[in-house]
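Submitted below is the structure of interest, expressed as structure tokens.
The values are calculated or read from the model by the stated rules, or taken from the named source; none is laboratory data. All figures in this text were calculated on a predicted structure; none of them were measured in a lab. Virtual Cβ from ideal backbone geometry, glycine too; neighbours counted across all protein chains shown. Note: accessible area is taken over every heavy atom of the protein model, side chains too, but ligands, DNA and RNA are not part of it. Shrake-Rupley method; radii C 1.70, N 1.55, O 1.52, S 1.80 Å.
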Amino acid sequence: MISINSLGVEFSAKPLFSDVSFVINKNDRIALVGKNGAGKSTMLKILAGMQSPSAGSVSVPNDVTVGYLPQEMRTSDDTTLINETRKAFSAQIRRREQLQEVIDEIGRREDYESAEYAALLERMEYLNERIAMEGSDNMEAEMEKTLLGLGFTRDDFDRPTSEFSGGWRMRVELAKLLLQRPDLLLLDEPTNHLDIESIQWLEQFLAGKANAVLLVSHDRAFLDNVTNRTIEINCGKTYDYKVSYTQFVELRKERIEQQMRAYENQQKQIADIKDFIERFRYKATKAVQVQSRIKQLEKIVPIEVDEVDRSRLHLKFPPAPRSGDFPLILENVGKAYGSHQVFDHAEFTIRRGEKVAFVGKNGEGKSTLVKCIMGEIPFTGSLKIGHNVKIGYFAQNQAQMLDQTLSVYETIDHVAVGDIRLKIRDLLGAFMFGEGDVDKKVSVLSGGEKTRLAMLRLLLEPMNLLILDEPTNHLDMRTKDILKEAIKAFEGTVIVVSHDREFLDGLVEKVYEFGGGCVKENLGGIYDFLRSKRMAELSELERRPVEAVSPAKEVEKAPPAPEPKAAPASAPQRKLSYAEQKEREKTLRKAEKNVKAAEQEIARLEEEIAAMESEIATGKCDQEYLAAYADAQKRLENQMSVWELASMELDELRAD
């Protein structure tokens, strides 16, 4: 369908890739992979006709349409969501107009045997087939289905596009592309702005309804679920595999091992020839053999081993002071913007060392709650940061917040302190910034390189509560794997806001779901959460009351669900002995006493703090008094933790 012939691209006389050739066939599902900066986005721009190659050509038949979604784009804000989406059908509307023009022309002509008349008939047949294939009769239904699948609600349809954030506007552009059904769909990191549910919907759409697809993504699960062919850009060359991404990883490993064995054998052969030449260079009796070896050496074509990440990123979070047992306690926390309640009544406690995920549709409050934790925005309720908690925060736009005018080296030099300043180049090397990269301006770095640089800045400060808001956007597969291993080894507490299922799998032990104005706690990993969520949806369907069905519809009615079986009687509990009963009552009384003592101490401290605040309000307090006030607040926080533990113990005893 589309042919890429001997393609080459150079930047500042340095080749990005050269002599690249491959063919994109109808219904191909291709993953374009390679490390950050290898040229993946450049390849997409060339195929979309937005950039010209330095050498070679791209052959696209005249009747083949190409749709392109870049990582970042400018969007117009002159209409509503539904009207902007309707622009996707402008080509179909134009084709209908063209069909009518051809029909009118045929009706006026009488030269039935001429070549021009035959051409008109052929054109009419083509337009009819195209319109029928596009199925634009269902335009409104298709628009609604696509927008809902990408996370919009019906209430959004008449909202101006200017009210949506950049990520949601990218969804509008993606919706328009999907509705156009181009022959080739080029997608550059399409999942960066989607939540888990929207990603799953997009997977189903691409697998079942799209034509040819060529996409760049660092979401391993998304690639495996969508693609059946993988093209790797490595060291300026491409390697084409007719397999999914996971299978490609194994085949690539075998290829590198084969190349390495061939390279080592060749190096041994070269060393043997050179050794022979050096030993017998000055012996007249061996002159012929020496000259033969020299010619043999000149004819050897060096075997190249594809680039392996030898400067492998070894992420290790620096040691940090121990925090309190409960780094984060939320009680009845809520956030509203005007009349819009983002979430309310959020109550949960995160314990020291826990690794949890915040998931849910965009706009349901994940990043908003993170901003509440960071103290960036006001909220209602009580949100307590535990004793001695030091927060390391990686925001979604962290990479964009870097000073674009600084070099890579200067970016780290400006935040590094002490002896670490002597090791900046070593640190940058560990983060895969080679000698040729340290003097580059931030403005010319790829998205993944900027993310790595921002992550390095974060690691220069010790912390014991790590909050990462979409940390994997723009990171390549290997870097994501390394970051994941570093977080797993991190001894502190971690909150990850992410839509990347593969990244969260095996990393988090608890999932907080944001949706419908609530925050729900789910024990287990991300796939446990997804499985339980589907089961919950099915059980809700089963619990719906059966609607009355008229006799006319009786035949169409689905067979009734089987009657629920009565729950088996629970096994009788063993009766406690007298001694066991007395011991249990003693333990229960002790737990109740602990709760009461903690409540009394909390009340006393609250009165003490209130009195101190009244004194402070007079403005006559010295620094020593203010220090005592701060100490009282800390004692109150610690006592709250003591009360919570005692209450949990009492609840467990009462439940037994």
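Yes or no: residue 90 open to solvent by 60 Å² or more (accessible area, probe 1.4 Å), hydroxyl-bearing (Ser, Thr, Tyr) and part of a loop (DSSP other than H, G, I, E, B)?
For residue 90, the condition - open to solvent by 60 Å² or more (accessible area, probe 1.4 Å), hydroxyl-bearing (Ser, Thr, Tyr) and part of a loop (DSSP other than H, G, I, E, B) - is not met.
If you take the residues of region 154-164 that are modelled with pLDDT of 85 or more and not in a helix (DSSP H, G or I), which of them is nearest to residue 132 (Cα to Cα)?
Ranking the qualifying residues of region 154-164, first place goes to 157.
Say we look at region 146-164 and pick out the residues that are small (Gly, Ala, Ser) and crowded, with 16+ Cβ neighbours inside 10 Å; which of these is farthest from the chain's Cα centre (by Cα)?
Looking at the filtered set, the residue picked out is 149.
When you look at residue 432, is it in a loop (DSSP other than H, G, I, E, B), surrounded by 19 or more Cβ atoms within 10 Å (Cβ to Cβ) and modelled with pLDDT under 80, yes or no?
yes
Only one of 381, 392, 386 is in contact with a Ser or Thr (Cβ under 7 Å, 6 or more places away or on another chain) and either surrounded by 15 or more Cβ atoms within 10 Å (Cβ to Cβ) or within 19 Å of residue 474 (Cα to Cα) (or both); which?
Answer to the check: 386.
Pull out all pairs, ordered by first then second residue, where Cβ-Cβ is under 8 Å, the residues are six or more apart or on different chains, the first lies in region 498-527 and is on the phi > 0 side of the Ramachandran plot, and the second is surrounded by fewer than 16 Cβ atoms within 10 Å (Cβ to Cβ).
Note: pairs meeting the criteria are 506/488; 517/341; 524/509; 524/532.
A follow-up question, please. With the condition kept exactly as written, say whether any residue in region 421-429 is open to solvent by less than 40 Å² (accessible area, probe 1.4 Å), touching an Asp or Glu at 6+ places or on another chain (Cβ under 7 Å) and either within 30 Å of residue 11 (Cβ to Cβ) or of a type in the set (Phe, Trp, Tyr) (or both).
Yes.
Ok, one more. Take the residues in region 509-548 that are surrounded by fewer than 18 Cβ atoms within 10 Å (Cβ to Cβ) and among the polar types (S, T, N, Q); name whichever of them is modelled with the highest pLDDT.
Only one residue fits best here, namely 532.
Which of the residues that make up region 258-305 are of a type in the set (Val, Ile, Thr), open to solvent by 80 Å² or more (accessible area, probe 1.4 Å) and farther than 30 Å from residue 235 by Cα?
Selection gives 285, 288.
If the Cβ limit is 8 Å and pairs must be 6+ apart or interchain, which residue in region 583-607 that is in contact (Cβ under 8 Å) with a residue 24 or more places away in the chain pairs with which residue that is in a helix (DSSP H, G or I) and open to solvent by 100 Å² or more (accessible area, probe 1.4 Å)?
Filtered contacts from region 583-607: 588/654.
Let me ask something else about it. Given the criteria touching a residue at least 24 places away in the same chain (Cβ under 8 Å), out of contact with any helix residue (DSSP H, G or I) (no Cβ under 8 Å at 6 or more places or on another chain) and open to solvent by 60 Å² or more (accessible area, probe 1.4 Å), does residue 10 qualify?
For residue 10, the condition - touching a residue at least 24 places away in the same chain (Cβ under 8 Å), out of contact with any helix residue (DSSP H, G or I) (no Cβ under 8 Å at 6 or more places or on another chain) and open to solvent by 60 Å² or more (accessible area, probe 1.4 Å) - is met.
Go through (1) touching a strand residue (DSSP E or B) at 6+ places or on another chain (Cβ under 8 Å); (2) under 26 Å from residue 525 (Cβ atoms); (3) assigned to a loop (DSSP other than H, G, I, E, B) for residue 362 and report which single condition fails.
(1) is the only condition that residue 362 fails.
Could you check how many residues of region 321-351 are open to solvent by less than 30 Å² (accessible area, probe 1.4 Å), of a type in the set (A, V, I, L, M) and within 28 Å of residue 164 (Cα to Cα)?
Residues in region 321-351 being open to solvent by less than 30 Å² (accessible area, probe 1.4 Å), of a type in the set (A, V, I, L, M) and within 28 Å of residue 164 (Cα to Cα): 3 in total.
Just checking: which of the helices (runs of 4 or more DSSP H) contained wholly in region 165-229 hold 1 or more residues that are basic (Lys, Arg) and either open to solvent by 30 Å² or more (accessible area, probe 1.4 Å) or within 15 Å of residue 44 (Cβ to Cβ) (or both)?
Those helices (runs of 4 or more DSSP H) span 166-180, 220-226.
Here's the yes/no breakdown for (1) under 30 Å from residue 440 (Cβ atoms); (2) charged (D, E, K, R):
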position: 383; (1), (2): no, no
position: 390; (1), (2): no, yes
position: 402; (1), (2): yes, no
position: 405; (1), (2): yes, no
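Please go through region 484-528 and pick out each residue that is of a type in the set (A, V, I, L, M) and outside any helix (DSSP H, G or I).
Matches in region 484-528: 494, 495, 496, 497, 507, 508, 511, 519, 523.
For region 49-59, which residues satisfy the criterion of being surrounded by fewer than 19 Cβ atoms within 10 Å (Cβ to Cβ) and not hydroxyl-bearing (Ser, Thr, Tyr)?
49, 50, 51, 55, 56, 58
Let me confirm something: among 495, 482, 487, which residue is in contact (Cβ under 8 Å) with a residue 60 or more places away in the chain, open to solvent by 10 Å² or more (accessible area, probe 1.4 Å) and not aromatic (Phe, Trp, Tyr)?
482
Has region 352-365 got any residue that is without any contact (Cβ under 8 Å) to a residue 40 or more places away in the chain and open to solvent by less than 50 Å² (accessible area, probe 1.4 Å)?
Scanning region 352-365, I find no residue that is without any contact (Cβ under 8 Å) to a residue 40 or more places away in the chain and open to solvent by less than 50 Å² (accessible area, probe 1.4 Å), so the answer is no.
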